[in-house]
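The structure appears below as structure tokens.
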Amino acid sequence: MAPDRLKAFTDGVLAIIITIMVLELRVPHDAALTSLRPLVPVVMSYALSFVYLMIYWNNHHHLLHVTRQVTGGILWANAHLLFWLSLVPFVTAWMGENHFAPVPMAAYGVVLFLAGVAYLVLQRVIIRSQGPESVLAAAVGRDMKGKLSALAYALAIPAAFIRPWIAGTLFVGVAMMWLIPDRRIEDLKTQTDR
């Protein structure tokens, strides 16, 4: 199967996830500007999660751009990634509503860690399917950026119980690292198309 259907399905699921997440933002019943103050943690957690979902969407697009054929293994690996991403609205709301308390922060870290691992699994399944000489294999290499991200998430989970702000800093740091789209795949694809 060509990757177009998988791209479209994933785009739709991510759009629904973002919609669910934004619906968790509750409008205050008071018109005063001060009524927005309690919403600051909720909006901050929403903004961070929105950035993360856009990072996954962007990199997923690049990943499938160099995938020639989709196998059953790729479909299941993609479903595995979408499962963890579908939990982002829950942990985002929990974290924001509880003002970045340790347990919700750790839960957020667990979901980010497992989504990161699922993305790495999806990469590996595609590389195994496409072959070690594929554009994706050449672009990703040892994928230190992806592995460093998973390590940061793993460190953030216990850090949330010590100092939640350390976990938050790690979450923001990883997002900043990925904010500029990973161009390794796009650059290699352009070179091979010439």
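The values are calculated or read from the model by the stated rules, or taken from the named source; none is laboratory data. Nothing here was measured: the structure is a model prediction, and the numbers come from that model. Please note: Cβ atoms are built from the backbone with ideal geometry, for glycine as well, and neighbour counts cover all protein chains shown. Protein only, heavy atoms only, side chains kept; ligands, DNA and RNA dropped before computing areas. Shrake-Rupley method; radii C 1.70, N 1.55, O 1.52, S 1.80 Å.
Listed values, structure above:
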| read-out | value |
| --- | --- |
| Rounded to the nearest 20 debye, dipole of segment 12-142 from Cβ charges on Lys, Arg, Asp, Glu | 340 debye |
| Most fluctuating residue given options 21, 144, 177, as computed from a GNM of the chain linking Cα atoms under 10 Å | 144 |
| Shape category assigned to segment 20-113 from the gyration tensor of Cα positions, a/c cut at 1.5 | prolate |
| Residue of 116, 141, 173 that the Gaussian network model of the chain assigns the largest fluctuation, springs spanning Cα pairs under 10 Å | 141 |
| The chain: most fluctuating residue of 68, 26, 124 per GNM, C-alpha cutoff 10 Å | 26 |
| Crossing angle, helix 72-86 versus the chain [Cα axis fit, 0-90 degrees, rounded to tens] | 10 degrees |
| Whole-percent carbon and sulfur share, accessible surface of the chain, 1.4 Å | 70 percent |
| For the chain, with +1 on Lys and Arg beta carbons and -1 on Asp and Glu, the positive-most of 12, 144, 178 along the dipole | 144 |
| Residues residue 37 and residue 11, FRET efficiency given R0 of 30 Å [Cβ-Cβ distance, rounded to 0.05] | 0.25 |
| Estimated FRET transfer efficiency when R0 is 41 angstrom, pair residue 163-residue 2 (beta carbons, to 0.05) | 0.30 |
| Segment 1-38-segment 49-111 distance, computed between alpha-carbon centres (Å) | 13 Å |
| Three-way shape call for the chain based on the alpha-carbon gyration tensor, with the a/c threshold at 1.5 | prolate |
| Accessible area per residue in Å² at 1.4 Å probe, computed on segment 43-109 | 42 Å² |
| Positive-end residue of 64, 162, 23, charge dipole of the chain with Cβ unit charges | 64 |
| Cα gyration tensor shape of segment 86-183, rounded if a/c is under 1.5, else prolate or oblate by comparing a/b with b/c | prolate |
| Mean Cα-pair separation over length for segment 37-194, i.e. relative contact order, pairs under 8 Å, 6 or more apart, % | 31 percent |
| Solvent-accessible ranking of 133, 24, largest area first, probe 1.4 Å | 133, 24 |
